[in-house]
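Okay, structure first, notes after.
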Amino acid sequence: MRRLLVTGGAGFIGANFCHHWCAAHPEDRIVVLDALTYAGNLASIAPLIEAGKLRFVRGDIGERAQVATLLAEESLGTIVNFAAESHVDRSLEDPAQFLRTNVLGTQALLDAARTAWGAEAHRRGCRFHHVSTDEVYGSLAPGAAAFTESTPYAPNSPYAASKAAADHLVRAWAHSFGLSVTISNCSNNYGPFQFPEKLLPLCILNILEGRPLPIYGDGLQVRDWLHVSDHCRALELILTRSAPGETWNIGGSTQEPNLAVVGTVCDLVDHAFAAEPALAARFPRSAPAQGRSARSLIEHVRDRPGHDRRYAVDSGKIARLLGFRAATPLQAGLGATVRWYLDNEAWWRAVASGEYRQWYARQYPGTRGT
Ligand code: NAD
Ligand code: TYD
């Protein structure tokens, strides 16, 4: 039986991970630590809390003493660190918050693990897994080989730089203090419970509300899309089978330009409205309800400063050594994601209010807000 601390478990990937782990390992103890920033939503894991499948604690990974106490009192021997500020655009607006959480927060969490686990760490098989991003590797030229685990770090945004710094800290705590760590660097995730500031949920919600779909620059930036359920399976393989000290790249092997992915989402929403006339009554402002294709909402807007042109991840190592393959084809994964947002209107209406409205108005001035 494992006893896990999942930090950031009320966020997008953390919540999906909690659902996955509770279903796959019902005998394990899970404690979620989450500060519930604008991006954290208790509703995403509420059924698990109500069913007694996990304990939720509101708190900051940067509070070393509090985290060390929690680790000790719950005898937690595995940490999966999802907690982070995660949005590139916000990192351009307020880099300091990214350094506080992603760098100093990770350092405090590493220290809390050392304090709580002490000399017992190895005997107990303790493990600190750090969830990171492919963005630490910087931008790839067209045709350049995909990122491997030995690609040099070259982060370009404050977000990517803060994640790169955290990765270096995790490595250093292993080297200097003997902490048992693993790191994973994953490509762009999509799926249920994703906060609507990110490209795909933003586009789905904007189609339903009849708002423009803001495509930065020419929209030909390439990302390697991975369904979040595949990411969770990869993390499970790493947690259960990886030796300490390893780093793992996780990608979907699905490189697509933003414009193509958004176009597919548009077509999927149009198709859903054509097949299900009740949707037009539920979303009267949506493009298809008004007799227009969702693609008609696409608008090219000012590019993101320093926008990385292309990411692509070589998942060869995790495929070879742990048997991981992304199982969700992009078209099917996008279809399921569109369906999830159609079926979970209460979830996104709640998260797309308050702080999100103000941010949206700042980020997309001149367009109609939520
Ligand atoms: P998210 O923004 O949806 O969730 C982050 C969660 O962390 C939220 O619940 C938030 O409340 C919590 N949090 C923030 N600061 C905290 C703090 N100081 N203490 C405790 N909790 C705090 O992010 P996500 O998309 O789920 O990403 C999770 C992790 O995966 C991040 O580390 C991110 O860098 C990494 N990642 C994300 C992607 C992606 O495509 N979303 C891809 C690769 C890696
Ligand atoms: P995002 O979801 O923010 O993830 P990341 O920046 O971590 O890759 O953005 C994905 C891609 O979509 C990225 O190239 C930026 C682009 N994008 C837009 O074109 N318009 C938008 O409104 C957003 C949020 C992103």
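A few notes on this one:
- With respect to the conditions (1) within 15 Å of ligand 1 (Cβ to nearest atom); (2) touching a Lys or Arg at 6+ places or on another chain (Cβ under 6 Å), residue 226 lacks only one, and its number is (2).
- Tallying residues that are among the basic types (Lys, Arg) and without any contact (Cβ under 8 Å) to a residue 40 or more places away in the chain within region 80-125 yields 2.
So that you can scan it fast, the table gives a plain yes or no per residue for (1) assigned to a helix (DSSP H, G or I); (2) within 14 Å of the chain's Cα centre (by Cα):
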site: 139; (1), (2): no, no
site: 145; (1), (2): no, no
site: 149; (1), (2): no, no
site: 153; (1), (2): no, no
site: 163; (1), (2): yes, yes
site: 168; (1), (2): yes, no
site: 183; (1), (2): no, no
site: 193; (1), (2): no, yes
site: 201; (1), (2): yes, yes
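- Any pair with Cβ under 6 angstrom, 6 or more apart, that starts in region 200-224 at a residue that is touching a residue at least 24 places away in the same chain (Cβ under 8 Å) and ends at one that is aromatic (Phe, Trp, Tyr) and away from ligand 1 (no atom under 16 Å from the Cβ): 208/283; 214/364
- Any hit, region 342-351, residues being of a type in the set (D, E, K, R), at pLDDT 95 or above, surrounded by 17 or more Cβ atoms within 10 Å (Cβ to Cβ) and within 24 Å of the chain's Cα centre (by Cα): no
- Screening residue 237 with (1) under 20 Å from the mean Cα position of the chain (by Cα); (2) in a loop (DSSP other than H, G, I, E, B); (3) surrounded by fewer than 22 Cβ atoms within 10 Å (Cβ to Cβ); (4) not aromatic (Phe, Trp, Tyr) gives one miss only, at (2).
- Taken as a whole, the condition of being open to solvent by less than 10 Å² (accessible area, probe 1.4 Å), within 12 Å of ligand 1 (Cβ to nearest atom), among the polar types (S, T, N, Q) and under 26 Å from residue 324 (Cα atoms) applies to residue 185.
- Just one of (1) away from ligand 1 (no atom under 13 Å from the Cβ); (2) part of a helix (DSSP H, G or I); (3) open to solvent by 60 Å² or more (accessible area, probe 1.4 Å) fails for residue 49. It is (3).
- The residues listed here are 331, 363; of these, the one that is loosely packed, with under 14 Cβ neighbours inside 10 Å and farther than 22 Å from residue 44 by Cβ is 331.
- Residue check, residue 13 crowded, with 20+ Cβ neighbours inside 10 Å, near ligand 1 (Cβ under 7 Å from one of its atoms), under 14 Å from the mean Cα position of the chain (by Cα) and modelled with pLDDT of 95 or more: yes
- Considered as a group, the residues in region 85-95 that are open to solvent by less than 50 Å² (accessible area, probe 1.4 Å) and either in a helix (DSSP H, G or I) or more than 10 Å from ligand 2 (Cβ to nearest atom) (or both) include one that is nearest to residue 308 (Cα to Cα), and that residue is 88.
The values are calculated or read from the model by the stated rules, or taken from the named source; none is laboratory data. From a predicted model like this one, the values you see are computed outputs, not experimental measurements. All Cβ positions, glycine included, derive from the backbone under ideal geometry; neighbour counts span all protein chains shown. Side chains included, ligands, DNA and RNA excluded: accessible areas come from the protein's heavy atoms. Shrake-Rupley method; radii C 1.70, N 1.55, O 1.52, S 1.80 Å.
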